[in-house]
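Note sheet for the following structure.
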Amino acid sequence: MKQRHLLMALAAGLLVLPIFYSAPYFLHLVIMIFFYIALTEAWNILALCGKVSLGHAAFFGLAAYTSAILCIKKGVTPWIGLFPALLVTFIGAAALAIPLLRLRGPMFTLASIAFAEVLRRVAMVWRDLTAGAEGLTIPFVPGWQNLTFTTKIPYYYIFLILAAGSVYIVHRLYYSATGHHLRAIASDEEAAQALGINTQKTQLIALFWSAGITGLLGVFYTQYVYMIEPEWAFSSALFCLQPALNGIIGGLGTVWGPVIGSVLMTPLGEYLRSYLGALQQGLNFFVYGLVLIGVVMVLPGGIVSPLLSLFKRWTPSKAPALDQGGKVR
Amino acid sequence: MELFIQVLVSGLLLGGVYALLSVGLTLIFGVVRIINFAHGELMMMAMYLTYWLCQAHQIDPYLSVIIVAPALFLVGMGVQRFIIQPIFDSSALMKIFVTVGLFIALQNLALMLFKADFRTIQTSYAMSTLEVGGISISVPRLIAFCFALVLLGGLFMLLKLTLVGKAMRAVAENRVVAELMGIRVQRLYLITFGLGSAMTGIAGALLLPFTYVFPTVGAIYTLLAFVVVVLGGLGNMAGAFLGGLFIGLIESISGVYISPALKEAVYFVIFILTLLVRPQGLFGVGKGTEEVGLK
């Protein structure tokens with residue numbers, strides 16, 4: 001049970017961290033790590049069944065816009081607004097469900113990109129509702145009701161809960177019957193179906209969990225940054241490519257891969273953005289693209305699997321608590 | 001009514017260039033069997049090259065094709081040799097990630113080199129039009145359309161008549177048997193990728209006199225090429241050509257009658273609908289499409 005102790009120590013450390021060190025820049029970095037852990041875990045649920053979505057910004061943007069518009073125009077607190085936001089996200093997910101069930105491989109990925117792109121353009125054009133490219137600003141009324149704060153500490157805990165919650169959900173899902181079905185679908189959809197797995201239902205469960213967590217993140221993250229505009233809310237770089245990159249670097253279709261990927265890539269991303277990005281616009285993402293190509297060529301299983309073998313050598317526990325970093329075919 | 005005919009003509013002319021772009025994609029897909037997410041980026045590179053040749057060396061965009069096409073041929077071969085070939089036998093997911101990585105890298109390379117500005121070139125004929133029976137035809141679009149038709153005709157001849165073309169069709173039909181018949185498949189992949197990229201590059205050069213180039217332009221053209229290719233039937237050359245004309249028409253009509261800002265949204269919706277309702281495309285698919293997700 002060494003791993004459980006390790007997790008508890010980690011949780012305790014994270015809970016008290018802001019008491020000891022709360023420089024705003026540092027807290028922002030940790031919040032971004034938590035955000036990306038949750039987003040990558042959400043994206044990863046769909047990757048468990050071998051489907052790569054590059055359209056998750058659609059779910060993020062739909063939920064973010066719904067709660068932001070309700071908050072700004074009707075004064076609805078995001079705590080209530082997140083329910084209609086999730087509803088709209090699930091309607092979006094239902095729309096993406098059709099390509100998910102009918103297409104596989106790159107064709108589903110393309111359809112998902114087009115899906116997010118359509119929504120972004122609609123958000124740009126529907127000025128009455130979204131104010132188009134100018135964007136909407138969340139009124140700054142500090143307090144829990146409006147979810148806007150003068151310090152970053154409340155958001156530290158909000159995103160800590162979201163990150164821990166999504167890791168927990170993926171962990172539970174991974175070892176449930178549905179999780180096994182998802183992996184069966186990833187390795188061979190026809191064979192899974194022939195064995196009596198309801199592949200459609202299983203994939204829908206994955207899609208709705210994935211979309212729901214992403215939508216929830218959209219609601220909270222928009223309150224955190226105070227404003228929303230289409231290029232940001234439906235940004236493929238921030239909410240589609242980044243979680244995919246974190247996922248593949250950590251290890252696709254594993255529980256801890258997204259965590260490791262986000263912990264590594266978020267500081268790297270922030271560093272590249274502030275140093276290289278200042279040096280030359282675009283250099284940071286250029287490096288990202290090369291990293292992605294390099295990782296796929298050199299470590300196609302992500303870095304979880306080699307790390308795990310090291311980890312197992314250090315902690316000779318027999319419990320197979322962590323999953324194998326994997327081939328998703 | 002006159003407006004409608006005007007819209008049709010201008011859409012059809014645009015569609016010719018889209019056909020060229022999409023035939024390039026179909027060629028690569030049909031033979032190499034890879035969905036290249038960086039396809040539009042190849043076109044973006046060609047557009048910037050054309051822009052640079054015109055700005056720095058005053059080379060006419062149509063003349064610059066003799067530089068752009070070989071340059072893109074080499075780029076395409078490089079992509080195949082150094083990026084696709086090493087991962088050729090890995091899973092579909094890995095192929096997606098590699099080409100997505102390439103797409104991110106190229107897009108941001110363009111951002112580094114050219115900044116986020118919208119750029120185009122000024123030519124003496126950019127605004128000139130021909131009047132035919134009350135319909136005005138934009139000269140650059142007409143030139144682009146004719147150019148594209150000639151090239152497409154050339155490609156079809158190449159595929160039908162030459163040994164390389166026959167080898168390409170053989171590999172598209174059945175890679176293993178083609179290899180057993182003594183075709184050097186890896187080398188043919190290089191040639192095919194180069195040729196498809198060159199076609200795409202020429203399409204970029206032809207578009208530049210009447211459109212803009214900016215770093216993220218490639219993503220739009222990647223999706224556009226896939227819309228056309230899926231509509232025409234994946235791996236189906238003639239389908240890609242007709243699909244290109246069709247999407248040109250759709251873009252033109254929706255730009256006028258719905259909203260210019262939503263014209264891309266309209267054909268993305270058509271894309272998703274086609275995938276759902278008739279995934280084999282309007283004109284039937286080529287071989288091997290089940291591998292990439294069309295059942």
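Quick notes
- Those residues of region A:211-256 which are among the aromatic types (Phe, Trp, Tyr) and either at negative phi or under 12 Å from the mean Cα position of the chain (by Cα) (or both), in sequence order: A:Phe220, A:Tyr221, A:Tyr224, A:Trp232, A:Phe234, A:Phe239, A:Trp256
- Hits in region A:1-50 - residues which are within 15 Å of A:Ala163 (Cα to Cα) and of a type in the set (S, T, N, Q): A:Thr40, A:Asn44
Conditions tested, residue by residue: (1) surrounded by 24 or more Cβ atoms within 10 Å (Cβ to Cβ); (2) within 27 Å of A:Pro154 (Cα to Cα).
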| residue | (1), (2) |
| --- | --- |
| A:Met227 | no, yes |
| A:Leu245 | yes, no |
| A:Ile249 | yes, no |
| A:Gly257 | yes, yes |
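- Subset tally (residues that are closer than 16 Å to B:Gly15 by Cβ and not hydroxyl-bearing (Ser, Thr, Tyr)) for region B:251-280: 9
- Looking across B:Phe82, B:Phe103, B:Phe97, one residue alone is within 14 Å of chain A (Cβ to nearest Cβ), loosely packed, with under 13 Cβ neighbours inside 10 Å and not in a loop (DSSP other than H, G, I, E, B). It is B:Phe82.
- Subset of region A:104-135 [facing chain B (nearest Cβ under 7 Å) and in a loop (DSSP other than H, G, I, E, B)]: A:Arg104, A:Gly105
- Candidates are the residues of region A:269-305 that are at pLDDT 85 or above and surrounded by fewer than 17 Cβ atoms within 10 Å (Cβ to Cβ); the one that is nearest to the other protein chains (Cβ to nearest Cβ) is A:Leu290.
- The one condition from (1) under 26 Å from A:Val263 (Cα atoms); (2) in a helix (DSSP H, G or I); (3) away from chain B (no Cβ under 14 Å) that A:Thr89 does not meet is (1).
- Matching option when the condition is part of a helix (DSSP H, G or I), within 20 Å of the chain's Cα centre (by Cα), farther than 25 Å from A:Gly179 by Cα and of a type outside the set (Phe, Trp, Tyr), among A:Val30, A:Val16: A:Val30
- Some residue of region A:136-145 being more than 7 Å from chain B (Cβ to nearest Cβ), hydroxyl-bearing (Ser, Thr, Tyr), touching a strand residue (DSSP E or B) at 6+ places or on another chain (Cβ under 8 Å) and touching a residue at least 40 places away in the same chain (Cβ under 8 Å): yes
- In region A:44-56, the residue that is surrounded by the most Cβ atoms within 10 Å (Cβ to Cβ) out of those that are within 13 Å of chain B (Cβ to nearest Cβ) and either assigned to a helix (DSSP H, G or I) or without any contact (Cβ under 8 Å) to a residue 60 or more places away in the chain (or both) is A:Asn44.
- Among the criteria (1) out of contact with any helix residue (DSSP H, G or I) (no Cβ under 7 Å at 6 or more places or on another chain); (2) at the interface with chain A (Cβ under 7 Å from one of its Cβ atoms); (3) among the hydrophobic types (A, V, I, L, M, F, W, C), the one B:Ile87 does not fulfil is (1).
The values are calculated or read from the model by the stated rules, or taken from the named source; none is laboratory data. These numbers were taken from a predicted model, which means no experiment stands behind them. Quick reminder, even Gly has a Cβ in these numbers, built from the backbone with ideal geometry, and neighbours come from all protein chains shown.
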